[in-house]
Amino acid sequence: MPLKSLAAWTALDAHYAAIGTEHMRDWFAAANDLHPTRAQRFTLESCGITLDFSKNRITDQTLQLLMQLAHEACVPAARDAMFAGEIVNPTEARAALHTALRAQNPPAPYAAQIKHEWNRMVDFANQVREQQWRGHTGKPIQSIVNIGIGGSDLGPKMLCHALAPLGDPRLSMHFVSNVDGADLQRVLSQLDPATTLAVIVSKTFTTLETMTNAESLRHWLLNHGVPEAKLGQHLVGVTADPAKAVQFGILPEQVFKIWDWVGGRYSLWSAVGLSALLYLGPTHFAKLLAGAAQMDQHFREAPLIRNLPIILALLGIWYRNFFGAPSYSIAPYAAALRYFPAYLQQLEMESNGKSVCLDGSFADYETVPIVWGETGTNGQHAFFQMLHQGSTMVPVDFILPLTPEHELAHHHPKLLANCFAQSQALMLGRTLEATQQRVGPDQQAICPHLTFAGNRPSNTIMLDALTPHTLGALIAVYEHKTLVQATIWNINPFDQWGVELGKQLSAVIENDLVTQTVNQAHDSSTRALIAHALRVTHL
Ligand code: F6P
């Protein structure tokens, strides 16, 4: 049945009309917030993660209706189909089994190949970390360069940054993704080829950016004294198409395999995470997998109303489809999670940035909101002004590790206080009357500027500590949230046809630039852009 015809959807529409303008401040007022309090009713804990979702524009009835929606949209069946390895990506006729990569008992047809590849990765990582694997001059590897883009970059980069205190201090980690040569050149200028290992990661081994960077890096190695016969000591590949990696010049025994049933943005659990495995070591990486597996279990077994990914997904639907919120923001209060917003951008927007339903019809409702964000407290001094007083409501996910990973203990209460104060201020706001009472007579005229509407929703997601285990669980939360939302929107979260057109057109334009001819078939704007570039630049 079409989404908007579901009984729960109609009921949520009516419910929104009834409570959409009510203020959370009133719900939290002492006289109304009796036992159990909102905070008690709307807090969940699992896998070292505590989610306080009480500062949302929901009542108990909202939650019941959202649960009804999840049932009517067959969310449990979609979840089970994914875990069972059914074809949940019909436009590519593929399963999506990233969960099998971290399962203790993966589905039978996959178990042996997953184990085999994991053992190869661990064996290789141990050789590099124990300095048995050496460069062509006999020196141990000191620098790892991950060449990849999108899912072949964002995941391992995010992990290495987030868990850096656990990384091998003898290894310096570098990530090159952009086809802008400045990216690769900046990294190469810091490296000694004799002690560098490049990990070339591409599921397809055809991606323009990655292939261009890999080729340039190969030349750099050859031009800086690495004999062709010893290139193998400096190059490994990760791909679902090993023949292409071998054709590129990587030794077959140094190609690590992934499979078509692992989507790029869901792939950090596979050999795509090799750079992170090299840096963090197998023990920590295994804990990451275990944390995600524990969250998988929670997602499969916890009742929907106590289920972390389900709650986050349904709150997202509530704001996107009923309040019309065009975006939501991720605010990790941890410098270590600097790359987490970018990681989630790909996960959610490449997955659910679709407007065609599984049956080929157009969705007559909004799908994924824009995902954006920045670490706190930095964001507070950039765009939080807009979150507090802008004309658009932007729900926020605050993510906060509670245990500091550093020794500057006096910083930590300041960090925590800022995080809690932001969600409090967004929720409470400050009325005009309260503002007028607060300021002196000379400031009465500017009181409207000092007033905050409040009623701005947020989730606070606290990790006991930022460990491989909790990080694995946190990533899995958002993966499953993405699946739940896709199921409700009736779209396929596992394909990404939207990136294809630009790729095709860029090949044509690149040819124009290189041959210095302006193809008259282009529109006048594109013709003018190419002509202008050819006048200004020397290619
Ligand atoms: O951006 C499109 C995309 O296909 C992503 O889904 C993927 O993670 C990225 O490009 C890189 O692809 P590959 O791993 O095949 O190089």
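Our estimate of slack between Glu45 and His116, defined as 0.36 nm per intervening residue step minus the Cα-Cα distance, is 22.1 nm. Of the residues Lys139, Lys414, Lys203, the one with the largest accessible area comes first in the ranking Lys414, Lys139, Lys203, computed with a 1.4 Å probe on protein heavy atoms.
With the helix formula -39500 (n - 2.57) applied to DSSP H stretches of n ≥ 4, the chain reaches a computed 222 nm mean residue ellipticity of -13000 deg cm²/dmol.
For Leu337, the solvent-accessible surface with a 1.4 Å probe is about 0 Å², rounded to the nearest 10. Put simply, when 171-183, 140-152 are sorted by average Cβ atoms within 10 angstrom per residue, most first, you get 140-152, 171-183.
On the basis of the beta-carbon distance and an R0 of 30 Å, Gln142 and Ala243 show a calculated FRET efficiency of 0.45. One decimal place: the segment Phe323-Gln127 gains 65.2 nm when fully extended, by the rule 0.36 nm per residue minus the C-alpha distance. Reducing the stretch 200-246 and the stretch 365-388 to their Cα centroids gives an inter-centroid distance of 37 Å. Give the shape of the stretch 73-116 as rounded, prolate or oblate, defined through the alpha-carbon gyration tensor: a ≥ b ≥ c are the square roots of its eigenvalues, a/c under 1.5 means rounded, and otherwise the shape is prolate if a/b is larger than b/c and oblate if not. Oblate, because a/c is 1.5 or more while a/b does not exceed b/c. A crude spin-label estimate for the pair Glu253 and Ala7, with each label 7 Å from Cα along the Cβ direction, gives 6.4 nm.
For the chain, with all protein chains in place and a probe radius of 1.4 Å, 55% of the accessible heavy-atom surface sits on carbon or sulfur. When Asp52, Asp80 are compared by accessible surface with a 1.4 Å probe, the order from highest to lowest is Asp80, Asp52.
With a cut-off of 18 Å on the backbone N, the residues of the stretch 185-224 near the modelled label site 7 Å out from Glu92 along Cα-Cβ are 201-211.
Accessible surface for Arg79 stands near 20 Å², nearest 10, in the context of the full protein assembly shown (1.4 Å probe). Applying a threshold of 23 Å to the alpha-carbon distances of Lys157/Lys203; Lys139/Lys257; Lys115/Lys230; Lys55/Lys414 flags Lys139/Lys257; Lys115/Lys230 as lying beyond it. Between Phe420 and Ala84, the C-beta separation translates, for a Förster distance of 51 Å, into a calculated FRET efficiency of about 0.80.
When peptides 304-311, 184-191 are sorted by average Cβ neighbour count within 10 Å, with the highest value leading, the order is 304-311, 184-191. Straightening the chain between Asp464 and Ala382 buys 26.8 nm, computed as 0.36 nm per residue apart minus the Cα-Cα spacing.
Comparing Cα centroids, the stretch 408-424 and the stretch 77-97 end up 42 angstrom apart. Can you spot the lysines whose alpha carbon is less than 18 Å from Lys4's alpha carbon? Ignore those fewer than 8 places along the same chain. Qualifying lysines at Cα under 18 Å: Lys354. Accessible area per residue for the chain is 43 Å², calculated with a 1.4 Å probe on protein heavy atoms, without ligands, DNA or RNA.
Say R0 is 35 Å: what FRET efficiency, to the nearest 0.05, do Ser172 and Leu534 get from their beta-carbon distance? Once the sixth-power term is evaluated, E becomes 0.35.
The ratio of the alpha-carbon radius of gyration of the chain to the globular-protein estimate 2.2 N^0.38 Å is 1.05.
The values are calculated or read from the model by the stated rules, or taken from the named source; none is laboratory data. As the structure is a computational prediction, the values presented were derived from the model and not from experiment. Using ideal geometry, Cβ is built from the backbone for each residue, glycine included, and neighbour counts are taken over all protein chains shown. Note: areas computed on protein heavy atoms with side chains; ligands, DNA, RNA excluded. Shrake-Rupley method; radii C 1.70, N 1.55, O 1.52, S 1.80 Å.
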